[in-house]
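The values are calculated or read from the model by the stated rules, or taken from the named source; none is laboratory data. In this text, all values refer to a predicted model and were calculated from it rather than measured experimentally. With ideal geometry, Cβ positions are generated from the backbone for all residues, glycine too; neighbour counts draw on all protein chains shown. Heads up: the accessible areas ignore ligands, DNA and RNA and are worked out on the full protein's heavy atoms, side chains in. Shrake-Rupley method; radii C 1.70, N 1.55, O 1.52, S 1.80 Å.
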Amino acid sequence: MQIPSLASSEKGPIGVFDSGYGGLTILSSLVRYLPGHDFIYLGDNARAPYGPRSFETVYAYTREAVRWFFAQGCHLVILACNTASAKALRNIQQQDLPLWAPDRRVLGVIRPTAEVIGAFTKSGDVGILATDGTVRSESYPLEIRKFFPKVRVWQQACPIWVPLIETGEYLDPSADSFIRKYPDALLSRCPDIDTILLACTHFPLLADRIRRFLPSGVRVIEQGAIVAESLRDYLDRHPEMRQRISGADSGVGSRTFYTTDRADIFDREAARFYPGVISSAHIRLSSETGW
Ligand code: DGL
């Protein structure tokens, strides 16, 4: 399948994708680290959550999103979703990109996190809190082993958390028992864990509440700054990509938001995930759309 070629002089925004609102926590860091670049965000809210869905479904949905981003002129797309990074990224990078657009890039959030997470732990025991899909993919243990072969990785799926966050129910004090159950489960399996990674882009909304339930020596790591620093480093090492991204080197670039569900609901709910006013537009994703 061929996409219309964009002349290399045609710059485009950086695409940022998530199943719903969670990727906005990554976008918040990206715009802080790379303020001059233009960004375009898409939340596939109509089909979220991705966590319980099959490999095939997450791959198909994410492919559609990437094609849509390319049709908007993006040369670089960040899958700001651990589940999509775990289940779709490798196939998109290895099978689809060479056919669709060999000079464009799709990057995920798992590898940049795996590259640094081992540096946070003294005990060598790291806990991973993620969606069921990310846990089952085994992506974190596999990737972390490449960079920190001695680190022991303990995974815990947190199936209640994404619905709890998306509905706003986590704000109620009665949600405490649902919030503490997963970190408690991790620590009961390995009391030596001193580093817990929030390996789902929705989970930073729970970070302060989680910290309250943990022993003082346990650090909770969020991915936003890690991913943003890694992207800044990537663009420093790839000036040919940096020059294909629209925006200004100084000043503030544009931020544009799209959702596959209702824009008014997205604008209201997104405020919990992203500082700043959002005025999104609705789009439809399907295998027919894109280009
Ligand atoms: N935000 C996504 C992630 O980082 C998961 C949310 C979902 O299940 O759709 O994995």
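To the nearest 20 debye, what charge dipole does the chain have about its Cα centre, counting +1 at the Cβ of each Lys and Arg and -1 at the Cβ of each Asp and Glu?
For this selection, approximately 500 debye.
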Sort GLU56, GLU269 by accessible area with a 1.4 Å probe, largest first. GLU56, GLU269
For helix 224-237, report the angle its Cα long axis makes with the longest principal axis of the Cα atoms of the chain; keep it between 0 and 90° and round to the nearest 10°. 40 degrees
Order these peptides, 161-168, 234-241, 183-190, by their mean beta-carbon neighbour count within 10 angstrom, highest first. 161-168, 183-190, 234-241
Give me the percent of accessible area attributable to carbon and sulfur for segment 88-181, probe 1.4 angstrom. 54 percent
How much accessible area per residue does the chain have, counting only protein heavy atoms and a probe of 1.4 Å, in square angstrom? 44 Å²
As straight-line cross-link partners of LYS87, the qualifying lysines (C-alpha separation under 28 Å, not fewer than 8 residues apart within one chain) are LYS146, LYS150, LYS181
Mind jotting down the distance between the C-alpha centroids of segment 183-211 and segment 16-85, whole Å? 24 Å
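Find how much the distance from ARG284 to GLU56 grows on full extension, using 0.36 nm per residue of separation minus their present alpha carbon separation; answer in nm with one decimal.
Stretched out fully, the ARG284 to GLU56 stretch lengthens by 80.1 nm.
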Just to check, using Stokes-Einstein with a Kirkwood Rh over alpha carbon pairs, what's the diffusion coefficient of segment 152-291 at 10 °C and 1.306 mPa s in µm²/s? 87 µm²/s
Once you put a point 7 Å from the Cα of SER177 and another 7 Å from the Cα of SER250, both along the Cβ direction, what distance in nm separates them? 5.8 nm
What nm distance separates the two modelled labels at ALA119 and ASP236, each placed 7 Å from Cα along Cα→Cβ? 1.1 nm
Helix 55-71 axis, angle to the chain major axis (alpha carbon atoms, nearest 10°): 40 degrees
Which residue, ASN91, PHE120, PRO141, has the largest displacement toward the positive end of the dipole of segment 90-156 when charges sit on each Cβ (Lys, Arg +1; Asp, Glu -1)? PHE120
